[in-house]
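A short worksheet on the structure shown next.
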């Protein structure tokens, strides 16, 4: 893969600001390359916002950040039309969404009405204000952070909103050795030291290469069987949607690309499946009584659905 050097350069640049979270960083980059949006669910203070800003700098993306609070209105995000007496016409004033990377900080602290304002733009990369549609800049990525379910002052995101995010990842607390380095101030550079590595044009070229990654019919069937298994599971009330299955395909391609291959292996699907599925499935009362988690259900499904043979290891396809 000709651009895999660029992959390493981007990941190394982001690591200047984030310590000890290599897999999380790689999966966020894979989602960006796959054209998806990212939901980061974690407790405050572990670097969620820093991660988003680091990617915007490394990828030369114009970013805007909005702190979601109960008083944020849809017009703050999408923009609004205002009548100008001098010209006798309405003029559009852009909202925060008109950028390449929109950081929605603590998205589950605002009202459902405001959360829903993001549905159209996340799916179609367009905003509609009073019947007039405008496209957002390309590339376009929403990176949202949210506090864990049940935190004070939070609103649950509706299923339709969650389904728009390609992956949901958690950074977690740092390892002991990493936290010691953080305390010493030796482990990370300032976010201002993160430098642009790719131009927007280079990023779009890499996204096109990801789309061209080969995936076999057996792996399409494997992903479909995994999705079907979430819908039939005894602990699941709402299984993976077809949009979720498509996200699995796109993320598996991007993960293969990150790993330097131009074809997808079953292990690529396994690596990304839980990140794509855990925020899309809804557990039933039986699961809550048994204290079963989404991750546990998905691990069980991965262990039960048989993987296709990895014959692709011996065959490379031209991109």
Can you tell me the 0 to 90 degree angle between the C-alpha axis of helix 22-33 and the longest principal axis of the chain, rounded to 10?
70 degrees
How would you classify segment 1-156 from its alpha-carbon gyration tensor, with a ≥ b ≥ c the square roots of the eigenvalues: rounded for a/c under 1.5, else prolate if a/b is greater than b/c, otherwise oblate?
oblate
What distance in nm separates the simple spin-label points at residue 9 and residue 195, each placed 7 Å from Cα in the Cβ direction?
1.0 nm
If I model segment 191-269 as equal point scatterers sitting on the Cα atoms and use the Debye formula, what is log10 I(q)/I(0) at q = 0.11, 0.25 Å⁻¹?
-0.40, -1.12
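Given 10 °C and 1.306 mPa s, how large is the Stokes-Einstein diffusion coefficient of segment 213-308 in µm²/s, with Rh as the Kirkwood radius over Cα pairs? Provide the component values of the computation, followed by the final result.
On the way: Rh = 13.4 Å.
After rounding, the answer is 118 µm²/s.
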Would you give the gap between the C-alpha center of segment 218-233 and the C-alpha center of segment 1-45, rounded to a whole Å?
27 Å
Enumerate the whole-percent occupancy of each 10 Å bin, from 0 to the last occupied one, for all C-alpha pair distances of the chain.
6, 25, 33, 26, 9, 2, 0
Obtain the nm distance between the two label points defined at residue 84 and residue 135 by a simple spin-label model: each point lies 7 Å from its Cα along the Cα-to-C-beta direction.
2.4 nm
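What per residue convex hull volume, in Å³, comes out for segment 43-98 when only alpha-carbon positions are used?
Working: hull volume 5.7 nm³, N = 56.
With only Cα atoms used, segment 43-98 gives 102 Å³ per residue.
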Compute the helix-to-body angle for 294-304: its Cα long axis versus the longest principal axis of the chain, expressed 0 to 90° and rounded to tens.
30 degrees
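So, by mean Cβ neighbours within 10 angstrom, what's the order for 126-133, 221-228, 210-217, 243-250 with the highest one leading? Don't jump to the answer; show the numbers that get you there.
Values: 126-133: 12.4, 221-228: 18.8, 210-217: 17.2, 243-250: 20.4.
Top to bottom by mean Cβ count within 10 Å: 243-250, 221-228, 210-217, 126-133.
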Helix 242-258: inclination vs the chain longest Cα principal axis, degrees, rounded to 10, gives 80 degrees
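How would you rank 49-57, 260-268, highest first, on the average number of other Cβ atoms within 10 Å across their residues? The partial results should precede the final answer.
Values: 49-57: 22.2, 260-268: 19.4.
Output ranking for 49-57, 260-268: 49-57, 260-268.
Taken together, the values in this text are just the output of simple stated rules run on the coordinates, not laboratory data. In this text the structure is predicted, and so the values were computed from the model without any measurement. Glycine gets a Cβ as well: all are built from the backbone with ideal geometry, and neighbour counts include every protein chain shown.
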